[in-house]
Every structure is written in C-alpha cells, then in structure tokens.
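Participant: Have a look at this one before I ask anything.
The values are calculated or read from the model by the stated rules, or taken from the named source; none is laboratory data. Since we're looking at a predicted model, the values are computed, not measured. Note that we place each Cβ from the backbone using ideal geometry, even for glycine, and neighbour counts take in every protein chain shown. When the accessible area is computed, the model is the full protein with side chains, heavy atoms only, and any ligands, DNA or RNA have been set aside. Shrake-Rupley method; radii C 1.70, N 1.55, O 1.52, S 1.80 Å.
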Amino acid sequence: MEAGIQKIPVSLIDRDGTQPRTEFDDTALEELARSIETNGLLVPISLQKNGDDRYRLMAGERRFRAVKSLGWSEVPAIVFHVDDAQFRKLQMIENCVREQLNPLEVARGYKQMMTEGMTAKEIAEALGQDPGNVS
C-alpha cells in the first residue's frame, strides 16, 4: 500500500456516499474551521486515488468540510493507492480510532464491509474487535 502527502485540489475530491459517519455537528465544524484558519491543517485528510484525475475521501470528512467552508482551493492529503475493500477497511479503522461512531454508524460500516466481501472475522481482526461484536 503506497501513500504520500500531496496538495490536492478540493474540486477533484469526491465524498464517499457510504462513509460510516453520517452525523456532523455544525457548531463543532465551525470551531474546527476557525482552528484550521488560525493554526493550519495539522493532520492531512486521507484519499483513495479514484480514476485518472479524481480522489475519493477516505478519512477526514470533518477536516474536509472545514477547509471547504474556508474556501481553500487545495488541501494536504495522504493519497492511498488501494482497492475498494482495503479502502473500506482503512476508513472504518480511521473512524473507530479517531472518535467513537454511534451504534447505527458502526453497523452500517460493518454491513458495507461485508457487502464488499469481508467476513465478520476479518473485520474484527482489522478493527481489533471481538468477532462476536461484529456479526
């Protein structure tokens, strides 16, 4: 899995419609945008190369929304060259590690990973979970 930090035009980044996190607090996003405006983006977003000239957002939805609200034309990003199954796995790991998803978001994420061919055991191992928590 290759990855490297690049500045990517915001206009070339597509949000992922199956992103596990679906709830975003507007006040918290405004606070994040103010912090980024003052201090810069301290942690790049994570993207999957999606075709020849597009990228799909893997992790950093809140940061991406914040920089868009600030009118940035480019955003620092780690670009991963992975297939869709690896993309989903990394996306769930990132979301579970950064901030706890609500139970419905976790269930949607597990279901999406299973739809894409991962077993409950593989998901549990990837996320450091007990297999009984995944099935």
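Participant: Beyond 20 Å, what share of the Cα-Cα pairs of the chain is found? Please give it as a whole percent.
Facilitator: 47
Participant: Let me ask something else. What FRET efficiency comes out for ASN39 versus ILE93 if R0 is 30 angstrom and r is the Cβ-Cβ distance? Round to the nearest 0.05.
Facilitator: Step by step, r from the Cβ atoms, then E = 0.70.
Participant: From the helices alone, meaning DSSP H stretches of at least four residues, give me the mean residue ellipticity at 222 nm for the chain, per-run term -39500 (n - 2.57), in deg cm²/dmol to the nearest 500.
Facilitator: -14000 deg cm²/dmol
Participant: Turning to a different aspect of this structure: For region 15-59, go through all pairs of different Cα atoms, get the mean of 1/r, take its inverse, and jot down that Kirkwood value in Å.
Facilitator: Taking the inverse mean of 1/r over all distinct Cα pairs, region 15-59 comes out at 12.4 Å.
Participant: Hey, if we sort GLU23, GLU105, GLU94 by accessible area with the 1.4 Å probe, largest down, what's the order?
Facilitator: Descending accessible area places them as GLU23, GLU94, GLU105.
Participant: Lysines near LYS7 by alpha-carbon distance under 28 Å, same-chain residues fewer than 8 away left out - which ones?
Facilitator: The reachable lysines, counting only those whose Cα sits under 28 Å from LYS7, are LYS49, LYS68, LYS89.
Participant: Got a sec? What order do ARG56, ARG15, ARG65 fall in by accessible area at 1.4 Å, biggest, i.e. largest, first?
Facilitator: So, going from the largest accessible area down, we get ARG15, ARG65, ARG56.
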